[in-house]
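The structure under discussion appears below in the form of structure tokens.
The values are calculated or read from the model by the stated rules, or taken from the named source; none is laboratory data. For clarity, every value in this text was computed on a predicted model and none was experimentally measured. When we count neighbours, we look across all protein chains shown, and the Cβ atoms used for this are built from the backbone with ideal geometry, even at glycine. The protein model used for the area step is the full one, side chains on, heavy atoms only, and it has no ligands, DNA or RNA in it. Shrake-Rupley method; radii C 1.70, N 1.55, O 1.52, S 1.80 Å.
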Amino acid sequence: MGRYLIRRLIQAIPVLIGATFLIYWLAFKLPGDPIQALAGEKKADPLVAAMLREKYHLDESFLAQYWHYITNLAQGNFGETLTGRSVWDKITEAFPYTVNLALLAFAIEAVVGVLAGIMAALRRGRFLDQLVLLSTLLVISVPVFVTGFVLQLSLGVKLKTDFGFDFFPVSFNEADGIRAYLLPALVLASTSLAYVARLTRTSLMETMRADYVRTATAKGLPRSRVVGRHALRNALIPIVTFLGADLGSLMGGAVITEKIFNIHGIGGLLAESVYRKEGTVIVGVVSLLIIVYLVANLAVDMLYAVLDPRIRYA
Amino acid sequence: MRGATSAKWVAGAVVVAMAATACGTGKDDSGSSAGGSITVVLGEPQHGLVGQNTAESEGAEVLNALFTGLVQYDNKTNETQLAVAESIDTTDSQTWTIKLKDGYTFHNGDKVDAQSFVRAWNWGANQDNAAEGLPFFAKIEGSDELAPGKDKKPTATELKGLKVVDEKTFTVKLKAPFSQFKTMLGYNAFYPLPKAFDADPKKFGEAPIGNGAFQMDGVWEHNKQIKVKRYDKYPAEGRAKLQGVTFKIYDNLDTAYNDLRADTLQIVDKLPVSAMASVSQEFGDRYIYKPESGVGYIGLPLKTNPEAFGKVEIRKAISMAIDRDAITKTIFNGTRKPADDFINPLIPGYRKGALGEVGTYNPTKAKELYTQAGGIPGNKIELGYNADGGHKEWIEAVANQLKANLGIEVTAKPFTKFGDMLTELGDQKYKGAFRMAWSMDYPAAENYLRPIFSKVAIDNGSNYGAYVNEEFETLLDQADKTADPAEALKLYQQADDVIIKDLPYIPVFTYMSSSAYSKSVKNVEIDAQGRMDLAKVERN
């Protein structure tokens, strides 16, 4: 197990280096002139633009630019944005918000999703099952920005102006603590939550039909033990796989939710940097997300062994 | 309908103004006793908060609260008024003597002296600092030594043209006479800087020490907020009423608007498009709708495509085939007004209806002109626009109008970003017509002419059509040399007449700014650049 872990971690290093090169190349190939973009709708002053290009090596070849980046990175320097801000500062400012939001959303999606799935599976065809199926279908078919704006307007604005109930902040404000994350996390979790519920339902229903479950029931075990220890543990494997991959996308793909609730997280930072063609920021953020994905995947693989003792690593 | 709303607003403004003066005479020292704090909208500024390095609206908004320049502009008339300057005099429009008022201090207690302006301008003019405001110092004598060009080193660190006479006086010598210099001085590149700036300009930009009505309250919390508080040693007449203002940083105007509705945000000076339909009902008198300094044009590549756009009759025909009323009303919901001069209506020197016939929708005459002039080869043009700024609808409307009225085959061509289109125009790769816009740096008629249509603007400005007219150049030069402001303005208007005759670009609309504020504040005024005049705002 330990050796397996170390091997996986060592494998991650070339993946990471290859990815930075690839991403840097893609960022380099993005169309547009980032210096002109700084000047907005006016023409960038030729002299100022030339000085900035020189300062940020934009007038050099791709390989030269990548070399500057990678040598800086080797010294722990993530570089500067074209407006003179430290990329590391930008990432560390945005990261905590994203982690908090993603973890809360992840918790909501895992707990509520799995519970709803279990209840639906155990009451197949009955009212509760139909309710879960119908409501998840609704959530999946409505786009996130609609859910987001509707909840913001109804719970944030209307509840306060019409009823004086000021619990859900309209937009993110750090001073509100966890309250500030509630609505956005719910919105962010909603789609995945629906998938998790459906996946749990199907997976559990299938395992409930398996021979070993029938055996367990025949042995006279209580139903809670049959479901909890025997069926669920096996049924959870596809769900854990889904959740592991989803953690990564919750971190990097929360652009829309972040925008609606004005959370200045990693997703928004990445989208903005792509728009502005800020190569150094893009590579920094993406590398970080790759690490998150790698760690989450590793954790998932480790969990398999816990859930199903037949799986061994060497 | 539109006339009615703006009339209502004017009436409202008069009432507010009267209330404000009544307040002023009622309690003399209300500055220190009044208070309260508010939160207003902001987008993350691009650079550190240094006036010389700020050329975008968000940074300018904060700087406007933290700094006071030599002159400022009246919120309603846009006339230039003295602020920190006691007097700005010249006899030949080339050498200017600037005397400063007593009583202005930086937030760290230092006096605002002549040296603080000279320091700031020298820094901005030096190419090693690559400051966005650098081109504004090009007119001052000695600027070439500080900005000799790429791959060369500056040979001086101080502008030869700036001379400190005494603590409160300095003189500025320009390379050539420029009558609008005084008007230009309100732009944020000309703000002063305290001695403390020299130690660490980068750190300074995170928590600038200014001389304005508000001072920093802590440092800039990036992507979150910038807090400022009242500076109590500011000269009494301009002192802020509020105790503090938090600029909360948004990157989505819809969210800010929802916060405004819930009164967690008190002033929003840029409304989202989605709000335009209902905002006047929802906010009533608290909705401010007034002209803004921008002008939108259809640009024409005169030099790279003379076959299509070289004849003035063709340009006139295009202009007269555009139904400006329909575009501003139906597509922009009244957030734009039909253009009737190259100069924006806000600016002293604007003449209503100056475009005359060419600015009036007349499809019959347009078609006549077009046919007489022999049309465009191939009867086909492209109309370029940037797809990221909500321009698709009006550009397509123009394309359809040209199709219907002139029978030209017009293709609307999207570019990813405005900059991409500019680059292709600059490289002469793109030969179609294009959307173009200009918004002023300072409220002078000159600022709507030289930076867009002069020879120097081909390389250093927004003259993407490479339009050249010697008569226009001569008139501008004459106007620059004229010391008498009224006389100078007349000459600028004559220059304006030249481009009205030539139509190098076709003005289509001018912009309107729309802002709204919540019930808990009053005395909200928005200036011509669309910035909030925060020192005047009070809490209810």
### Total accessible surface hidden between B and A, rounded to 100 Å², 1.4 Å probe
3900 Å²
### Summary
In Å², rounded to a whole number, the accessible area per residue of chain A with probe 1.4 Å is 50 Å²
### Task
With unit charges on the beta carbon (Lys/Arg positive, Asp/Glu negative), name the residue among B:Gln494, B:Met512, B:Asn344 whose Cα is farthest towards the positive pole of the charge dipole of the protein assembly as shown.
B:Met512
### Query
How far is helix A:266-276 tilted off the main Cα axis of chain A, in degrees rounded to 10, range 0 to 90?
40 degrees
### Query
Hey, if you put +1 on the Cβ of every Lys and Arg and -1 on every Asp and Glu Cβ in the protein assembly as shown, which of B:Thr95, A:Ala50, A:Leu115 ends up farthest toward the positive end of that dipole?
A:Leu115
### Query
Suppose every K and R has +1 on its Cβ and every D and E has -1 on its Cβ; what is the size of the dipole of the range B:389-471 about the Cα centre, in Debye to the nearest 20?
260 debye
### Message
About the Cα centre, and with charges only on the beta carbon of Lys, Arg (+1) and Asp, Glu (-1), how big is the dipole of the range B:332-470? Nearest 20 debye, please.
### Response
280 debye
### Summary
With the charge dipole of the range B:221-269 built from beta-carbon charges (+1 for Lys and Arg, -1 for Asp and Glu) about the Cα centre, the Cα from B:Ala256, B:Gln243, B:Gln225 projecting farthest to the positive end belongs to B:Gln243
#### Entry: Amide hydrogen neighbours beyond the local backbone of B:Lys413, cut-off 5 Å, H modeled
B:Leu383, B:Gly384, B:Tyr385
### Message
Compute the distance from the alpha-carbon center of the range A:47-113 to that of the range B:317-336, in whole Å.
### Response
43 Å
### Query
Hey, what do the phi angles of the range B:39-51 turn into as Karplus ³J(HN,Hα) couplings, whole Hz, using 6.51/-1.76/1.60 and θ = phi - 60°, x for Gly and Pro?
10, 10, 7, 7, x, 4, x, 6, 10, x, 7, 10, x
#### Entry: Zero-based 10 Å bins, Cα pair distances in the protein assembly as shown, whole percents
2, 11, 18, 22, 20, 13, 7, 4, 2, 0, 0
#### Entry: Angle between chain A longest axis and helix A:87-122 axis [Cα atoms, degrees, rounded to 10]
20 degrees
### Query
Carbon and sulfur together cover what percent of the accessible area of the range B:241-309 at a 1.4 Å probe radius?
50 percent
### Task
Using θ = phi - 60° and the Karplus relation 6.51 cos²θ - 1.76 cosθ + 1.60, list the HN-Hα couplings for the range A:153-165 in order, rounded to whole Hz, with x at every Gly or Pro.
5, 6, 7, x, 8, 5, 4, 7, 6, 8, 10, x, 9
### Task
Work out Dmax and Rg for chain A from the C-alpha atoms and quote the Rg first, both in angstrom.
24.0, 84
### Summary
The FRET efficiency for B:Gln225 and A:Lys219, from their Cβ-Cβ distance with R0 = 60 Å and rounded to 0.05, is 0.45
### Query
Measuring with a 1.4 Å probe in the full set of protein chains, what accessible area per residue, in whole Å², belongs to chain B?
39 Å²
### Query
Going down the list A:Lys42/B:Lys270; B:Lys203/B:Lys248; A:Lys259/B:Lys522, which pairs span over 27 Å between their C-alpha atoms?
A:Lys259/B:Lys522
### Query
On the accessible surface of the range A:1-149, probed at 1.4 Å, how many percent belong to carbon and sulfur atoms?
71 percent
### Task
Consider just the alpha-carbon atoms of the range B:241-342 and return their Rg together with their Dmax, both in angstrom.
19.7, 62
## Note on the structure
Taking max minus min of the Cα coordinates of chain B on each principal axis, largest first, gives extents in Å of 70, 58, 40
### Task
Could you give the size of the charge dipole of the range B:260-395 about its Cα centre, using +1 on the Cβ of each K and R and -1 on the Cβ of each D and E, expressed in debye and rounded to the nearest 20?
260 debye
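Taking a ≥ b ≥ c as the square roots of the Cα gyration tensor eigenvalues, with a/c under 1.5 meaning rounded and otherwise prolate when a/b beats b/c, else oblate, which class fits the range A:1-137?
Prolate.
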## Note on the structure
Diffing the range A:51-62: the Karplus 3J(HN,Hα) column from phi (6.51, -1.76, 1.60, θ = phi - 60°), in whole Hz with x for Gly and Pro, holds 5, 5, 4, 5, 4, 9, 6, 6, 8, 9, 6, 4
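First compute the accessible area of the range B:39-136 with a 1.4 Å probe, then give the percent of it belonging to carbon and sulfur atoms.
C and S fraction of accessible area: 43 percent.
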### Task
Let me have the 222 nm mean residue ellipticity of the protein assembly as shown computed from DSSP H runs of 4+ only, each contributing -39500 (n - 2.57), with the sum over all residues rounded to the nearest 500.
-14000 deg cm²/dmol
### Query
Could you give the angle, 0 to 90 degrees to the nearest 10, between helix B:392-406's Cα long axis and the longest principal axis of the Cα atoms of chain B?
30 degrees
### Message
What whole-number distance in Å separates the alpha-carbon centres of the range A:163-228 and the range A:134-155?
### Response
17 Å
## Note on the structure
To the nearest 0.05, the calculated FRET efficiency linking B:Asp533 and B:Asp232 through their beta-carbon distance, R0 being 22 Å, is 0.70
### Query
At a 1.4 Å probe, which residues in the range A:256-304 are at least 30 Å² less accessible with all protein chains present than in their chain isolated?
A:Lys259, A:Asn262, A:His264, A:Tyr275
### Query
Given 0.36 nm per residue, what is the gain on full extension from A:Phe145 to A:Arg312 after removing their alpha carbon distance, in nm?
55.8 nm
### Task
Indicate the residues belonging to the range B:116-154 that lose 40 Å² or more of solvent-accessible heavy-atom surface (probe 1.4 Å) upon moving from the chain alone to the assembly of all protein chains, ignoring ligands and nucleic acids.
B:Gln127, B:Ala130, B:Glu132, B:Lys150
### Query
Ranked from highest to lowest mean number of other Cβ atoms within 10 Å per residue, what is the order of the peptides B:461-473, B:374-386?
B:461-473, B:374-386
### Message
I'd like the antiparallel share, as a percent to the nearest 5, of DSSP beta bridges with both residues in the protein assembly as shown.
### Response
75 percent
### Inter-centroid distance (Cα atoms) of the range B:388-430 relative to the range A:252-314, Å
39 Å
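If a/c stays under 1.5 just call it rounded; otherwise compare a/b with b/c (prolate if a/b is bigger, oblate if not). Do that for the range A:149-189, with a ≥ b ≥ c from the square roots of the Cα gyration tensor eigenvalues. Provide the component values of the computation, followed by the final result.
Working: a/c = 2.44, a/b = 1.30, b/c = 1.87.
Note, shape of the range A:149-189 comes out oblate.
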### Query
In the range A:171-186, which residues give up 30 Å² or more of accessible area once the other protein chains are added, compared with their chain alone (1.4 Å probe)?
A:Ser171, A:Glu174
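For the range A:243-314, rounded, prolate or oblate, judged on the Cα gyration tensor with a ≥ b ≥ c (square roots of eigenvalues), a/c < 1.5 rounded, else prolate if a/b > b/c? Display every interim value, and only then the final one.
Details: a/c = 5.44, a/b = 2.23, b/c = 2.44.
Note, shape of the range A:243-314 comes out oblate.
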